[in-house]
1. Considering A143, A122, which residue is open to solvent by 30 Å² or more (accessible area, probe 1.4 Å), of a type outside the set (S, T, Y) and under 14 Å from V60 (Cα atoms)?
2. Do the conditions hold for A80, that is, is it on the phi < 0 side of the Ramachandran plot, in a helix (DSSP H, G or I), open to solvent by 20 Å² or more (accessible area, probe 1.4 Å) and free of Cβ contacts under 8 Å to residues at least 40 places away in the same chain?
3. Applying the selection to region 115-143, what residues are under 13 Å from the mean Cα position of the chain (by Cα) and part of a helix (DSSP H, G or I)?
4. For region 91-112, check the following and say yes or no: at least one residue is part of a strand (DSSP E or B) and within 16 Å of the chain's Cα centre (by Cα).
5. Considering region 37-59 alone, what residues qualify as being open to solvent by 10 Å² or more (accessible area, probe 1.4 Å) and touching an Asp or Glu at 6+ places or on another chain (Cβ under 6 Å)?
6. V131 passes all but one of (1) buried (at least 22 other Cβ atoms within 10 Å of the Cβ); (2) in contact with a His (Cβ under 7 Å, 6 or more places away or on another chain); which number fails?
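The values are calculated or read from the model by the stated rules, or taken from the named source; none is laboratory data. What you see is a predicted model, and the numbers here were worked out from it, not measured in a lab. Heads up, the Cβs are rebuilt from the backbone with ideal geometry, glycines too, and the neighbour counts pull from every protein chain shown. Heavy atoms of the whole protein, side chains included, go into the accessibility calculation; ligands, DNA and RNA do not. Shrake-Rupley method; radii C 1.70, N 1.55, O 1.52, S 1.80 Å.
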Amino acid sequence: PPETVIAQRRQHSIQARAAAKAALVHQAIDERRVTLEGADGDTLHGVVAGIQSETALVLVPALGGTSDMAELCGIARRAAADGIASIRYDQRGTGQSSGSASLMEPDGEVRDCGVVVRWARAQLGASRVYVVGVSFGAAVAAAAAGRFDEVDG
């Protein structure tokens, strides 16, 4: 019966989320807060997780989300545990970053992402930088990947 299948899927989802949360809570990682100058001179607040590595991640939050989004923190912690550094940042006009957010014309957010990618290469010693986003941040990440040669994926 469909109800049984739905109940099984729901239970599996609940168990998977609980396991993911448990893994995140118990992993201690080295984090430091940084401030960068955005593409238009805005101040971008970021959090670096892990140490210098050949591969780095730039983690882009959803519109209105911040560098403290649970999804981004989880990715950063897992990456750091695997020896991969990351920087997650507050997009312009959100969290501790200055400026104004723009949902309809995200060119500034995309250019800011490019700035963060270049910073990750220079400051984290990364020869490969991958950009990952959540919701609106995923659109910013995809646009940045298409626009900037410094993005490896």
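1. Details: A122 fails: under 14 Å from V60 (Cα atoms).
Sole residue among the options that is open to solvent by 30 Å² or more (accessible area, probe 1.4 Å), of a type outside the set (S, T, Y) and under 14 Å from V60 (Cα atoms): A143.
2. Numbers: on the phi < 0 side of the Ramachandran plot: yes; in a helix (DSSP H, G or I): yes; open to solvent by 20 Å² or more (accessible area, probe 1.4 Å): yes; free of Cβ contacts under 8 Å to residues at least 40 places away in the same chain: no.
No.
3. Pass one, region 115-143, residues under 13 Å from the mean Cα position of the chain (by Cα): 116-117, 120, 129-142.
Once the filter is applied, which keeps residues that are under 13 Å from the mean Cα position of the chain (by Cα) and part of a helix (DSSP H, G or I), region 115-143 yields V116, V117, A120, F136, G137, A138, A139, V140, A141, A142.
4. So the first thing to find is which residues in region 91-112 are part of a strand (DSSP E or B), and the list is none.
Checking region 91-112: not a single residue is part of a strand (DSSP E or B) and within 16 Å of the chain's Cα centre (by Cα).
5. In the first step, residues of region 37-59 are kept if they are open to solvent by 10 Å² or more (accessible area, probe 1.4 Å); the result is 37, 39-43, 45, 50-55, 57.
Selection gives A39, H45.
6. Here V131 clears every test but (2).
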